[in-house]
1. Where the second residue is open to solvent by 30 Å² or more (accessible area, probe 1.4 Å) and the first is under 16 Å from Pro59 (Cα atoms) and lies in region 123-135, which pairs have Cβ atoms under 8 Å and are six or more apart or on separate chains?
2. Within region 99-112, restricting attention to residues that are within 18 Å of Ile63 (Cβ to Cβ) and in a loop (DSSP other than H, G, I, E, B), which residue is most open to solvent (accessible area, probe 1.4 Å)?
3. Identify, from the list Ser52, Ser104, Ser97, the residue that is of a type in the set (S, T, N, Q) and at pLDDT 95 or above.
4. Residue check: is Val36 β-branched (Val, Ile, Thr) and farther than 21 Å from Thr138 by Cβ?
5. Could you please tell me which pairs satisfy a Cβ distance under 7 Å, a separation of 6+ or placement on different chains, a first residue in region 3-17 that is closer than 13 Å to Leu94 by Cβ, and a second residue that is aromatic (Phe, Trp, Tyr)?
6. Among the residues of region 93-101, are any farther than 20 Å from Phe134 by Cβ, charged (D, E, K, R) and under 15 Å from the mean Cα position of the chain (by Cα)?
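The values are calculated or read from the model by the stated rules, or taken from the named source; none is laboratory data. Predicted, not measured: the structure shown is a model, and the values here were computed from it. Note that each Cβ is placed from the backbone with ideal geometry, even for glycine, and that neighbours are counted across all protein chains shown. Ligands, DNA and RNA are stripped out before the accessible areas are found, and what is left, the full protein with its side chains, is counted by its heavy atoms. Shrake-Rupley method; radii C 1.70, N 1.55, O 1.52, S 1.80 Å.
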Amino acid sequence: MDKKILQILLVEDNPGDVRMMTDLLSETGILTQLHVSTDGADALDFLKKRGSHGLACFPDVIILDLNIPKKNGKEVLAEIKQDDALKSIPVVILSSSEADIDISYCYQMQANCYINKPHDLFNYMNVVKSISDFWFQTVRLPILS
């Protein structure tokens with residue numbers, strides 16, 4: 001039986017964080033395809049299959065930073081969770097913000113979890129492993145058409 005390739009949309013504008021996520025996901029042994037949007041507007045275009053993303057697939061999971069250009073992560077989260085075609089996609093907030101107001105807002109807008117972005121490689125590696133273990137091995141993800 002063929003294993004499904006998990007589709008991940010990473011919304012992150014920091015090239016170093018993108019590189020770490022790419023490298024660490026490849027080490028998990030789980031078949032993943034990482035799609036990267038470096039700003040909120042591009043992420044929404046990807047999700048809504050607009051412009052150059054006309055053939056994009058629905059991701060199984062979205063990993064979303066809050067501090068991104070054009071449309072910030074809060075705006076992106078709000079649009080995702082208000083769209084009937086997108087709202088069942090799990091959204092993992094991975095942000096450097098530790099502000100209670102940001103955390104509360106994300107949960108009010110139905111983010112599936114909020115993780116503070118680690119400042120060092122070892123802890124970043126542990127976070128990616130935790131995301132991978134939970135979202136790609138433990139839970140059952142919705143099937144989107």
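1. Here the result reads Ile131/Ile115; Ser132/Thr28; Ser132/Ile30; Trp135/Leu141, each pair linking region 123-135 to a residue that is open to solvent by 30 Å² or more (accessible area, probe 1.4 Å).
2. That would be Gln110.
3. Ser104
4. Spelling it out, Val36 is indeed β-branched (Val, Ile, Thr) and farther than 21 Å from Thr138 by Cβ.
5. From region 3-17, the pairs are Leu9/Phe46.
6. Checking region 93-101: not a single residue is farther than 20 Å from Phe134 by Cβ, charged (D, E, K, R) and under 15 Å from the mean Cα position of the chain (by Cα).
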